[in-house]
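Let me begin by presenting the structure, written as structure tokens, before commenting on it.
The values are calculated or read from the model by the stated rules, or taken from the named source; none is laboratory data. Since the structure is predicted, the reported quantities are computational estimates derived from the model, not experimental observations. All Cβ positions, even for glycine, are placed from backbone atoms using ideal geometry, and neighbour counts span all protein chains on display. Heavy atoms of the whole protein, side chains included, go into the accessibility calculation; ligands, DNA and RNA do not. Shrake-Rupley method; radii C 1.70, N 1.55, O 1.52, S 1.80 Å.
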Amino acid sequence: MTPMPATTTPDPTPAELIAGRPHLAMHAMDGLLIDEVPLNAIADITGTPVWVYSASSIRRRYRMLVGALSAAGVETHIHYAVKANDRLAVLRLLAAEGAGADVVSEGELRRACEAGIPAGNIVFSGVGKTEREVRFALIQGIAQINVESAEELEMLSAIATATGHTAQVALRINPDVDAGTHAKITTGRAQDKFGIPYADAAALYRRAAALPGIQPVGLAAHIGSQILSLAPYRAAFGRLAELTRALRADGLPVRVIDCGGGLGIPYRDEPAPLPAALAGAIRSALRDLDAGVLIEPGRWLVGPAGVLLSSVILAKQTQGGRFVVLDAAMNDLVRPAMYDAWHGIVPVSPVDAVAAPAPADVVGPVCESGDTFARDRLLPPLTPGARVAILDAGAYGSVMSSSYNARLPAAEVMVDGSNWSVIRQREALADLWRGERVPHWLK
Ligand code: LLP
């Protein structure tokens with residue numbers, strides 16, 4: 001077996017994981033609670049696997065971020081990166097807090113609007129926007145389009161002119177900064193597909209100012225995701241500031257600086273920068289520029305707020321070791337398979353929580369060895385039907401799920417204090433092939 005990335009410290013215990021997450025608690029009778037609701041009570045009704053999100057956690061985190069930015073004296077607008085978790089209930093919750101959105105497709109734009117975030121509070125990012133998507137966004141009155149290439153800029157100008165709109169454009173630059181995160185989610189190095197090469201950006205900004213239907217308003221950068229150090233942020237913000245000054249010296253207006261997303265969270269015990277530290281980095285790089293600042297956080301707002309609640313199908317012992325087979329799989333949460341990501345796994349039952357642990361590989365039923373949530377994780381004896389919560393699954397969880405192995409997407413629930421509701425029903429199996437056709441010549 002290929003080991004998950006080597007770590008030198010022992011895994012945090014379930015008690016330590018719970019203690020670090022204010023929306024979770026272990027109750028002596030009811031087992032693991034999210035807000036005030038026993039996860040068992042949810043699973044008894046919805047079945048498993050089921051995603052459960054704490055509304056209070058998302059709200060608390062949003063307000064903490066707003067507080068950190070305003071304490072630093074940085075007038076910053078938060079555009080939630082919808083891709084992290086695009087469920088209407090999540091978007092509605094953030095809309096009520098005043099968040100704008102950062103979207104990367106017509107689908108995300110429609111979802112955000114449907115949830116009550118007006119297009120005038122939405123930024124459209126992405127390296128490959130189609131003509132149809134751009135036209136739709138302009139008609140909706142999108143606040144800003146972050147353009148990532150000369151080709152896209154010309155296309156946008158043609159569409160804006162043809163439809164009688166003026167597109168407010170920020171140029172997303174590629175600052176050639178390594179965010180120091182997993183290679184698959186690093187986006188700001190020169191070899192990455194994203195953004196406009198730094199050296200080309202000034203000329204393209206000038207071109208944007210001359211093109212019909214385009215109003216260049218500013219600059220953007222997004223260097224990656226799950227960023228755990230401030231240094232790459234400082235480097236990227238420094239480049240944004242430098243370019244802003246150069247453009248202004250040329251007489252070009254730069255009103256907006258979009259600092260992207262990427263702020264990491266501790267999944268295991270990683271020391272992750274706090275919002276105050278990010279706010280400080282924004283402030284020191286951009287405070288003299290008198291520009292409007294945007295950020296596009298996704299994971300930081302919603303990641304810790306969600307769990308994937310799953311039941312043990314069976315536990316098997318082989319020469320290779322002990323395997324706990326869950327009813328959740330890589331088709332639900334792909335992060336461990338895709339990024340070797342570490343997620344905490346906590347037994348839900350108060351009895352399991354105190355039983356003596358032993359190492360186990362925690363796996364799903366999908367027919368791939370990569371369908372492994374954790375290796376050598378210390379867990380109590382878990383018998384069929386025992387439930388576990390896979391932690392920090394609120395971001396890039398359900399949105400990345402698939403129906404591989406003809407498995408149904410899991411149901412989704414939102415909890416708020418002692419209230420909870422299903423926010424996405426489990427579908428029926430026949431829904432999986434709705435829309436498929438067997439051609440008449442095979443019948
Ligand atoms: N803005 C842009 C332009 C982005 O591409 C992204 C994420 C964000 C903002 C939000 O980044 P965040 O604050 O969530 O780190 N599926 C991967 C993460 C992919 C991130 C893609 N872009 C994972 O599970 O780790």
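Residues in the stretch 342-369 that are out of contact with any Ser or Thr (no Cβ under 9 Å at 6 or more places or on another chain) and either farther than 25 Å from residue 42 by Cβ or outside the structural domain of residue 327 (by TED's automatic domain parsing) (or both): 356, 358, 359, 367, 368.
Please indicate, with yes or no, whether at least one residue in the stretch 249-265 is away from the ligand (no atom under 12 Å from the Cβ), open to solvent by 30 Å² or more (accessible area, probe 1.4 Å) and touching an Asp or Glu at 6+ places or on another chain (Cβ under 7 Å). There is no residue in the stretch 249-265 that is away from the ligand (no atom under 12 Å from the Cβ), open to solvent by 30 Å² or more (accessible area, probe 1.4 Å) and touching an Asp or Glu at 6+ places or on another chain (Cβ under 7 Å). Taken together, the residues in the stretch 39-59 that are over 19 Å from residue 100 (Cβ atoms), of a type outside the set (A, V, I, L, M, F, W, C) and without any contact (Cβ under 8 Å) to a residue 60 or more places away in the chain amount to 1.
Under the condition of being touching a helix residue (DSSP H, G or I) at 6+ places or on another chain (Cβ under 7 Å), assigned to a strand (DSSP E or B) and within 14 Å of residue 195 (Cα to Cα), the residues counted in the stretch 214-249 number 2.
Residue count for the stretch 113-141, restricted to those that are hydrophobic (A, V, I, L, M, F, W, C) and more than 26 Å from residue 193 (Cα to Cα): 5. Residues of the stretch 215-238 that are out of contact with any Ser or Thr (no Cβ under 6 Å at 6 or more places or on another chain), more than 16 Å from the ligand (Cβ to nearest atom) and open to solvent by 50 Å² or more (accessible area, probe 1.4 Å): 231, 234. For the stretch 286-304, a tally of residues being more than 13 Å from the ligand (Cβ to nearest atom) and crowded, with 23+ Cβ neighbours inside 10 Å returns 1. A search for C-beta distances below 9 Å between a residue of the stretch 389-406 that is in a loop (DSSP other than H, G, I, E, B) and any residue that is of a type in the set (Gly, Ala, Ser) and away from the ligand (no atom under 14 Å from the Cβ), counting only pairs 6+ apart in sequence or on different chains, returns 391/344; 392/344; 394/54; 394/57; 401/410. Restricted to helices (runs of 4 or more DSSP H) entirely inside the stretch 17-132, those with at least 3 residues that are under 19 Å from residue 300 (Cα atoms) are 55-71, 88-97. In the stretch 177-199, of all residues being of a type in the set (Lys, Arg) and within 24 Å of residue 273 (Cβ to Cβ), the one that is least open to solvent (accessible area, probe 1.4 Å) corresponds to 189.
Which one is nearest to residue 33 (Cα to Cα) among residues in the stretch 328-356 that are more than 16 Å from the ligand (Cβ to nearest atom) and surrounded by fewer than 18 Cβ atoms within 10 Å (Cβ to Cβ)? Out of the qualifying residues, it is 350. Per the conditions (1) surrounded by fewer than 22 Cβ atoms within 10 Å (Cβ to Cβ); (2) closer than 22 Å to residue 167 by Cβ; (3) without any contact (Cβ under 8 Å) to a residue 40 or more places away in the chain, the sole criterion not satisfied by residue 77 is (3). Just one of (1) within 15 Å of the ligand (Cβ to nearest atom); (2) under 20 Å from residue 264 (Cβ atoms); (3) out of contact with any strand residue (DSSP E or B) (no Cβ under 7 Å at 6 or more places or on another chain); (4) not aromatic (Phe, Trp, Tyr) fails for residue 60. It is (1). In a residue-by-residue description of the stretch 41-51, the property of being under 17 Å from residue 423 (Cα atoms) and under 16 Å from the mean Cα position of the chain (by Cα) applies to at least one position. Of all the criteria given as (1) in contact (Cβ under 8 Å) with a residue 40 or more places away in the chain; (2) of a type outside the set (S, T, N, Q); (3) more than 16 Å from the ligand (Cβ to nearest atom); (4) outside the structural domain of residue 390 (by TED's automatic domain parsing), the one not satisfied by residue 116 is (1).
Conditions (1) closer than 25 Å to residue 255 by Cβ; (2) among the charged types (D, E, K, R); (3) out of contact with any Asp or Glu (no Cβ under 8 Å at 6 or more places or on another chain), marked per residue:
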{"site": "39", "(1), (2), (3)": "no, no, yes"}
{"site": "47", "(1), (2), (3)": "no, no, yes"}
{"site": "56", "(1), (2), (3)": "no, no, no"}
{"site": "63", "(1), (2), (3)": "no, yes, no"}
{"site": "76", "(1), (2), (3)": "yes, no, yes"}
{"site": "84", "(1), (2), (3)": "no, no, yes"}
{"site": "95", "(1), (2), (3)": "yes, no, yes"}
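Figure legend. Inter-residue proximity from the stretch 244-270: first residues more than 18 Å from residue 102 (Cα to Cα), second residues open to solvent by 60 Å² or more (accessible area, probe 1.4 Å) and within 16 Å of the ligand (Cβ to nearest atom), beta-carbon distance below 8 Å, spacing 6+ or different chains. Indicated pairs: 270/228.
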